[in-house]
1. Report Rg (one decimal) and Dmax (nearest whole number) for region 171-327, counting Cα atoms only, units Å.
2. List the residues, sorted by chain then number, that are 5 or more residues from ALA224 or on another chain and whose placed amide H is less than 5 Å from its amide H.
3. Helix 50-61: angle to the longest alpha-carbon principal axis of the chain, degrees 0 to 90, nearest 10?
4. Considering only protein heavy atoms, what is the solvent-accessible area of THR176 at a probe of 1.4 Å, reported in Å² to the nearest 10?
5. Just THR42, THR207, THR55 to compare: in a GNM of the chain, with alpha carbon springs under 10 Å, which one fluctuates most?
6. Taking the Kirkwood radius as the inverse of the mean 1/r across Cα pairs, report the Rg/Rh of the chain.
7. Set Lys and Arg Cβ to +1 and Asp and Glu Cβ to -1, take the dipole of region 163-240 about its Cα centre, and tell me which of PRO213, TYR165, VAL180 lies farthest positive.
8. Spelling out what I want: for every residue of region 195-210, take phi, set θ = phi - 60°, compute 6.51 cos²θ - 1.76 cosθ + 1.60 (Karplus), and round to whole Hz; glycine and proline get x.
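The values are calculated or read from the model by the stated rules, or taken from the named source; none is laboratory data. Nothing here was measured: the structure is a model prediction, and the numbers come from that model. Here the Cβ positions follow ideal geometry from the backbone for every residue, glycine too, while neighbour counts run over all protein chains shown. Remember, those area values only see protein heavy atoms, side chains included, never the ligands or the DNA or RNA. Shrake-Rupley method; radii C 1.70, N 1.55, O 1.52, S 1.80 Å.
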Amino acid sequence: MNRPISIFTALVVAVLPACTPVASSYRGQLSQPEEARIDISTEPIASFDTKSRATLFQYLAGNFRWEVRQEHGLLFAVRREQHDGEYRTSLNGFYRDQNSDDWRQTRVLIAFEEPHGFGHDHNNITRTPPGSDDVVMIIEGPHSGAPGNSSYLIIEGDRIYLEIYDQAPEVTRQFTQKAVAEVFAELTDVLKHQDEISTTGVMPIETYYPSKPPNAPYFNVSNASQPGTYVLDAAVNPTTPGYVYVRVYNTKTGQRFSEQPLWSRHIGWSDFGQTLFSYHEFVGMSSSEDWGDEYEARFELWYQSEQGNEFKMAETTRIVNRWERIY
């Protein structure tokens, strides 16, 4: 997998008048109200260099609270949020608060090399360099598709960016300030424990992890809620940076469904393979024909290192419905 190209991005703090009207119906009115001030003066992003950025990536890849993704060559990690007692992957990393009658939607991510961003920048993104003690957020008012007051913050370091989307009924940025404090504390501890993370792949502070690490390798494929959908769960112990992916074969014919890696995901690694890291995917193998047409399939879990070396880590077989496409 190719790494994104390093690009230096100039740091700019956007300044708007108190109220800037926007004509398009799909965009809200922009303003910088006094109530939208936040404090990011104690942030640690400026302390990350090439080595510590690599350590941070290793930590994020090995912590199930974070999900490392790659889009258009850009690597970034989305923070998973808890729903119904579980930390779940969400579409595009956005989470809506299901326990509130108000429309609240959020996203927290850390991008590497260059910002991930938020669609087209129509002057609705607040950009700030590290260490700003008083930042007035740009607020986009309610509009079609976004009933709340929304904001997008990018704290720009040297090839590392903390990005927070916050949509809420109120103008004050309560979630943004809370998320900034939480991630700053986490990043500060990553810097403190670089040696341990580089060796074992994990930080010696259990509170940052949603669950205890697995104590034995495994690979399971179980039924999900609907026919033709499955949950892939595994615990593996790679010793080099890279990503996990799946190959699926018809055991009777030997046919491989796709020559391309399926359901690939960056996970953690340790120097000596002493740490197990979780892999979890919800997948669909659907057909427009009779669901009663079943056969045995072999699921193989593979690992590809950054150097391109591949090796099989586990396999399992099970009966699946006949499938024509995959998602």
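1. Here Rg and the maximum Cα pair distance are 19.1, 60 Å.
2. THR229, TYR230, VAL231
3. Helix 50-61 sits roughly 60 degrees off the main axis of the chain.
4. Result for THR176: roughly 0 Å² accessible.
5. THR207
6. Values: Rg = 21.7 Å, Rh = 21.6 Å.
We get a ratio of 1.00 for the chain.
7. PRO213
8. With coefficients 6.51, -1.76 and 1.60, one gets 4, 5, 5, 4, 8, 9, x, 10, 8, x, 10, 5, 5, 7, 10, x Hz.
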